[in-house]
Amino acid sequence: MKDAKKKSISEVITNMAISYPIHFVANYTIIPAYATEIYNAGYDFESFTIINLQLGLWFTLVSFVRLYLLRRLYAHYGPEETALSLVKRGFRRIRNA
């Protein structure tokens with residue numbers, strides 16, 4: 001049981017560490033595409049709601065892909081791997097390349 005908790009914590013920390021830079025980039029690519037529409041919507045509740053729904057769908061899609069790929073990564077390397085061991089493995093590959 002203790003080991004399962006460590007793996008869960010490791011997965012959550014990895015998810016958080018990966019999600020920040022991904023969503024940082026997404027903010028700079030998705031939101032500017034809607035800047036003119038947001039400005040033109042002004043106080044029109046209907047237009048503003050549609051824009052917010054579209055933005056929400058984009059960020060949901062980004063989160064879905066991120067989580068799916070992260071789970072595939074953990075499934076590929078096995079349940080005994082942790083975030084730290086995957087990072088160490090990546091650094092070793094980079095150093096040996």
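The values are calculated or read from the model by the stated rules, or taken from the named source; none is laboratory data. What you see is a predicted model, and the numbers here were worked out from it, not measured in a lab. Because the Cβ atoms are built from the backbone with ideal geometry, glycine has one as well, and the counts that use them run over all protein chains shown.
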Practice task
Tally the residues that are of a type in the set (A, V, I, L, M) and either outside any helix (DSSP H, G or I) or within 19 Å of Ile22 (Cβ to Cβ) (or both), restricting the search to the range 46-77.
Solution key: 9
Handout entry: Among (1) loosely packed, with under 15 Cβ neighbours inside 10 Å; (2) part of a helix (DSSP H, G or I) - the single one Tyr43 does not satisfy
Key = (2)
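Could you tell me whether Ser19 is polar (S, T, N, Q) and in contact (Cβ under 8 Å) with a residue 12 or more places away in the chain?
It is true that Ser19 is polar (S, T, N, Q) and in contact (Cβ under 8 Å) with a residue 12 or more places away in the chain.
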Practice task
Scan Ile18, Ile13 and give me the residue that is aliphatic (A, V, I, L, M) and modelled with pLDDT of 85 or more.
Solution key: Ile18
Exercise for the section: Within the range 61-97, track down each residue that is of a type in the set (Val, Ile, Thr) and either at pLDDT below 80 or surrounded by 10 or more Cβ atoms within 10 Å (Cβ to Cβ) (or both). Expected result: Val62, Val65, Thr82, Val87
